[in-house]
Amino acid sequence: MLTAVYRSPKKEQTYLFVEKRDDFSRVPDALLAKFGTPQLVTMVNLANRDKLALADIDKVKTNLTEQGFYLQLPPPKEDLLADHKKQLGIEQD
């Protein structure tokens, strides 16, 4: 399963996987508008992989098959101060 991966120029660390290079026909227009003009990052053969760095490969494959695309959002930002206060039992403002 050869897949094209694009990054968003508008949203940092946001990637769009599609079944075929430059084929966004199954991606909703509203999503493309928020995503911006997709910029090709790489082509990935998912058949030769058993995992991806930041996404569940099975979920990616399922979404590609059923929806024609997979949107990878950035991981949530870690708030170390809030975590530390929570461990100390300090109420946050």
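Only the coordinates and a few stated rules stand behind these numbers; no lab work does. Everything quoted here is computed from the prediction, not taken from an experiment. Quick reminder, even Gly has a Cβ in these numbers, built from the backbone with ideal geometry, and neighbours come from all protein chains shown.
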Item to check | GluC sites (Glu not before Pro) within the chain, DSSP loop, no more than 12 other Cβ atoms inside 10 Å | outcome: Glu12, Glu78, Glu91
Item to check | Net lengthening on full extension, Asp79/Ala53 (0.36 nm per residue, minus Cα-Cα) | outcome: 7.2 nm
Item to check | Cross-link pairs Lys59/Lys86; Lys59/Lys85; Lys10/Lys61 - those with Cα-Cα distance over 31 Å | outcome: Lys59/Lys86; Lys59/Lys85
Next on the checklist: Can you give the FRET efficiency to the nearest 0.05 for Arg26 and Leu2, using r as the Cβ-Cβ distance and R₀ = 22 Å?
Outcome noted: 0.90
Next on the checklist: Taking the 0 to 90 degree range and rounding to the nearest ten, how far is the long axis of helix 57-66 tilted relative to the main principal axis of the chain, both from C-alpha atoms?
Outcome noted: 50 degrees
Checklist outcome for this item: Per region 2-88, sqrt(5λ) over the Cα gyration tensor eigenvalues, sorted largest first, in Å, gives 28, 17, 11
